[in-house]
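Written below as structure tokens is the structure these notes are about.
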Amino acid sequence: MKKNILTCTIIYFTLSATVLAQEDMKAYSSCSLCGMKLDHSRNRMLIEYDDGTKLDTCSMHCTAAEFAAHREKTLKRLQVSDYNTNRLIDAKKAYWVVGGNKSGLMTKRAKWAFEKKEDAEQFIKANGGQISTFDEAMRTTFEDMYEILR
């Protein structure tokens with residue numbers, strides 16, 4: 001009986017997270033910078049500045065471009081899609097996986113975010129890469145952008 005209740009609870013919360021992610025996707029359907037459609041994007045990021053401005057990006061690449069273009073703005077909140085659930089999580093607290101054999105979006109080195117460290121570690125076992133902080137992932141994004149110019 002306890003096992004059934006636990007299973008039902010897990011299913012309920014999983015479905016709830018999926019519905020919330022889908023509702024959020026209706027509000028932001030494309031990248032504010034490049035226009036790419038955001039359907040179920042595992043790279044999606046939501047930027048919120050302290051002046052109330054919110055914008056959605058398709059990737060860490062477009063987020064970095066936004067930050068570079070608007071250095072005068074103060075960041076209030078930054079969220080990213082969890083790789084496994086597509087649910088928005090705090091980008092700075094996420095466990096980032098940089099590199100590996102799974103192609104990323106708009107980048108030389110893929111960058112994937114995970115809410116749970118165990119999920120990031122499982123991803124690395126299957127696809128390679130290394131766990132990084134948000135700052136390290138952002139640094140590699142700018143490095144990859146610079147490499148394009150060389």
Could you sort 111-117, 82-88 so that the peptide with the highest average Cβ count within 10 Å comes first and the rest follow in order? 111-117, 82-88
Cα-Cα over 22 Å, subset of Lys54/Lys116; Lys54/Lys117; Lys73/Lys111; Lys92/Lys116; Lys73/Lys117; Lys54/Lys108: Lys54/Lys116; Lys54/Lys117; Lys73/Lys111; Lys73/Lys117; Lys54/Lys108
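FYI, it's all coordinate maths here, none of it is from the lab. Keep in mind it's a predicted model, so treat the numbers as computed, not measured. Methodologically, a virtual Cβ is constructed for each residue, glycine included, from the backbone with ideal geometry; neighbour enumeration extends over all protein chains shown.
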